[in-house]
Amino acid sequence: MDDEYAKLIRRMNPPRVVIDNNSCEDATVIQVDSVNKHGILLEVVQVLTDMNLIITKAYISCDAGWFMDVFNVVDYDGNKIRDKEVVDYIQRRLESNASFSPSLRESVGVMPSEEHTSIELSGTDRPGLLSEVCAVLTDLHCNVVNAEIWTHNARAAAVVHVTDDSTGCAIKDPKRLSTIKELLCNVLKGNDDLKTANMTLSPPGVTNRERRLHQIMFADRDYERVEVDRLGGIENTKSRPHVTVLDCSQKDYTVITMRSKDRPKLLFDIICTLTDMQYVVFHGMVNTGRMEAYQEFYIRHVDGLPISSEAERERVVQCLEAAIERRACEGLELELCTEDRVGLLSDITRIFRENSLCIKRAEISTKVGQVKDTFYVTDVTGNPVDPKIIDALRRQIGHSVLKVKHNSSISPKPPQETTMGFLFGNLFKARTFQSFKLVRSYS
C-alpha cells in the first residue's frame, strides 16, 4: 500500500525541469524539482552524464520528501548548451519520471538480447589480460562490438558485448555459452589468482554499463588496498583523493567532503557508489575549478541513521576513494579509428602486449561498421611509455589509424589549495565548525 501511495504521489506531482541559459555567464543552469525517492539523484545525474554534459557546479537538497537540485553544466568543449533540440531532449528525459533501475548486485542469468550477448568479467589484473580474453573470444568465433574495461588496485572488471562472427546476432546456444564461460574463467584465474575469477552473462540494458562496472568492482572488494610492490609500481599518494568524514550531531547527518582532481563523470561515480552502498544524500554541493573538484554531502543510511561506527566510516572512505580512482585517466591515451573486422581487437591488444604495453582502461565501440576504441596504457611497471615504443607501434598499426590523444603523466602544476566553507554555514548558524567532531581523515 505504501508503495502504491508513493507511485500515486509521483504521478500527481511529475518532475518540473527549468533549463536557463541567461542567469549564469559560463554555464547552462538546470533546475529539477520532484517528489523525492531513493535513487532519484543518481537517476538525474545519470541522464546528464549520458548526454555527455560536464557538471561544473551543483546544489542538492532533497529533504522533507521533496527533491530540489540545481546543476551548472557545459558540453565537452566548455560551452553552454544552446542547441534547442538538445535542450528539449534533456528536458524530456528529466521529466519522463522513468522508474529507477533496480540494482543488479546479485548474480544474473543467461539473457542475451537479439543484438548481442552481454558478458561481465572480473579477476586479478595482469599485463596482457585483455589480449588473452580477446584471443579466446576470437577463437570461439565471438566478435566484440562494444566493451568497457576498468582496472584498479590489482583488480580488473569488464562489460563486453559480443555477437556471433558469422551471423552478427546474439549467441543463444546454451552449450556454446557454457564453453565461453569456462574458457574465460580459466583465463581470468591465471596461475596464482588468490581471488575467485568471475564471468557472468547478463541482461543488457537493465543497468547502466558504467554503474555495473562500479558494482562489479565493489563486489570484488577493489577498495581494499594491496601492497605497492604487487601493483608493480610506485604509489603516488599526492594524486590520491582526499576524503574526510565528519559528524554533524545537531542535525543527525554524516558529512563527507572530497577533494580530487577534476574529470568528467566524477559526480556520477560518487553518487553511484553512495546509492549502491544504501546511503541517501540529503544536501550537498559540488564546485569544480581548473583542476580540482570539491564535493560535500550530508548523508544518512536508508534507515535514517548517520554513520555510527569506525569500521563503517573507514569502509565509506575506502569505497569513495576507489570510486574516484577507477575511472581516473592513468597513462597515455591512444585512440584507434578504423573499419571493423572480425578479430581486430584481438590483433590490436596482441600488438600492445608484444610491445610491453599494459592497458589500464579501455572503451570499445562500433557504429555502422566503424571502430572507435580508446586505450589508456602504461608500461608493464605502471610507468610512462617510452615515446620510441609508441612511434614503432603507430608505424606498425598505421599513423592515421592509431593516434596519441593525451598523456596524463604530463600535467600542469595543481593550483594552491584554498579553504572552502561548508555548504550550510549560514543555514546552521547555531553551530560553529567546532561543533563538528572530526571523526577520521584519510588521504
Original post:
What are the residues whose amide H is under 5 Å from the amide H of ASN146, where those residues sit 5 or more places off or on another chain and H is modelled from the backbone?
Top reply: HIS161
Original post:
Considering amide H positions built from the backbone, and no H for Pro or chain starts, which residues 5 or more places from TYR253, or on another chain, come under 5 Å of its amide H?
Top reply: CYS248
Original post:
Can you pick out the pairs among LYS360/LYS405; LYS84/LYS367; LYS172/LYS367 whose Cα atoms lie more than 18 Å from each other?
Top reply: LYS84/LYS367; LYS172/LYS367
Original post:
Can you give the net charge of the other residues whose Cβ lies under 12 Å from the Cβ of ASP33, counting K and R as +1 and D and E as -1?
Top reply: -1
Original post:
Using heavy-atom solvent-accessible surface (probe 1.4 Å) with all chains present, what is the largest-first order of ASP139, ASP269?
Top reply: ASP139, ASP269
Original post:
What nm value, rounded to one decimal, do you get for the distance between SER96 and CYS337 when each label is placed 7 Å out toward the C-beta?
Top reply: 2.9 nm
Original post:
Using r as the Cβ-Cβ distance of CYS169 and VAL401, and R0 as 25 Å, what FRET efficiency do you calculate, to the nearest 0.05?
Top reply: 0.35
**OP:** Towards the positive end of the charge dipole of the stretch 293-395, with charges on Cβ (+1 Lys, Arg; -1 Asp, Glu), say which of THR338, ILE390, SER356 has the farthest Cα.
**Re:** THR338
Subject >> Filtered trypsin sites (Lys or Arg not before Pro), the stretch 369-406: DSSP coil and at most 14 other beta carbons within 10 Å >> reply: none
Original post:
Summing Lys, Arg as +1 and Asp, Glu as -1, what charge do residues with Cβ under 10 Å from the Cβ of ASP269 carry, ASP269 excluded?
Top reply: +3
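The values are calculated or read from the model by the stated rules, or taken from the named source; none is laboratory data. Just so it is clear, the model here is predicted, and its values are computed rather than measured. A quick note on method: Cβ atoms are made from the backbone with ideal geometry, for glycine too, and the neighbour counts reach across all protein chains shown. Protein only, heavy atoms only, side chains kept; ligands, DNA and RNA dropped before computing areas. Shrake-Rupley method; radii C 1.70, N 1.55, O 1.52, S 1.80 Å.
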